[in-house]
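Below: one structure, written as structure tokens.
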């Protein structure tokens, strides 16, 4: 942040004399016009104002500007530069997001996947000092974005996610294992995975419990989120007439998600609607706060030299004109 401050601001009150000087000058000029009577003013109709008539007002303007600048100089203007040195005990966070077909269910608005993307985007924006990455999974898993501090890139990649990008299914173990692989070698003080799914593990070569053991070995804490209302929800179903939505039972393997969280020192959360999902991410955000040390530095640079030079140049110019052009003017 940069701005101009004054070391002696009380001297700026002296600027109130400037309007007084102007008023006195105008009054003086008015009184200096002599009044006399003549039979007629016809002989003076052609009289033109000379250059010197105008210049004498310019001399006063130069003096007023010089006086104002000298008052500012006495107040000692300073340029203030402030900057911050931020140090953090970083937290690396991998988001593992289920993008299977069931994530298009409409018990969230507009659907589970879009709601999850929107809330995750807000979460990313709220953690400017952490490295975050993204893994997506359904029947398979892959890294959408490795750990990065460029959150704008991560958010753009988040927005590009669609269900159907990879083979359908729910490979929770594979999704977790891919996220672990991306974060296991991190030097961060805290390594965290947030795994979000709406189903039961039914694909993949790695069992969720095995992936949880691997996470524990590498000191990775896993927060698991089950998304889906209780009872039934409108799921998309491919029919001969296109995609139609049918109410179907919501099946989330909460036992597995709780086991993963318990083994790794994390927590399990159930989100049944958009508001609950926001609350879940807010709770995780509170649990995983970066330690931030902020040191503020201030540097002040004196800025009175230039107005001093200008003021003295204006006074010199006024004196020069007064004792040359106006030398013989009484």
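Maximal additional length on extending the residue 148-residue 79 stretch stands at 21.2 nm, based on 0.36 nm per residue less the C-alpha distance.
Bridges between two residues of segment 91-289, per DSSP, are antiparallel at a rate of about 35%. Its convex hull of Cα atoms gives segment 151-225 a direction-averaged projected area, equal to a quarter of the hull surface, of 5.7 nm². One decimal place: the segment residue 324-residue 22 gains 106.3 nm when fully extended, by the rule 0.36 nm per residue minus the C-alpha distance. Three principal axis extents of segment 104-172 based on alpha-carbon atoms, in descending order, are 34, 26, 18 Å. Listed peptides 180-191, 13-24 appear in the order 180-191, 13-24 once ranked by packing, highest mean of other Cβ atoms within 10 Å at the front. Spacing of the modelled spin labels on residue 237 and residue 121, each 7 Å from Cα toward Cβ, amounts to 3.2 nm. Give the calculated FRET efficiency between residue 209 and residue 248 to the nearest 0.05, with a Förster radius of 35 Å applied to their Cβ-Cβ distance. The pair residue 209/residue 248 has a calculated efficiency of 0.85.
Can you give the FRET efficiency for residue 156 and residue 302, using 1/(1 + (r/R0)^6), R0 = 56 Å, r = Cβ-Cβ distance, to the nearest 0.05? Step by step, r from the Cβ atoms, then E = 0.75. Distances between every pair of Cα atoms in segment 91-289, grouped in 10 Å steps from 0 to the bin holding the largest one, split as 10, 40, 38, 11, 2, 0 percent.
Readers should treat all values here as calculations from the given coordinates under stated rules, not as data from a laboratory. All of these numbers come straight from a predicted model, not from anything done at the bench. Quick reminder, even Gly has a Cβ in these numbers, built from the backbone with ideal geometry, and neighbours come from all protein chains shown.
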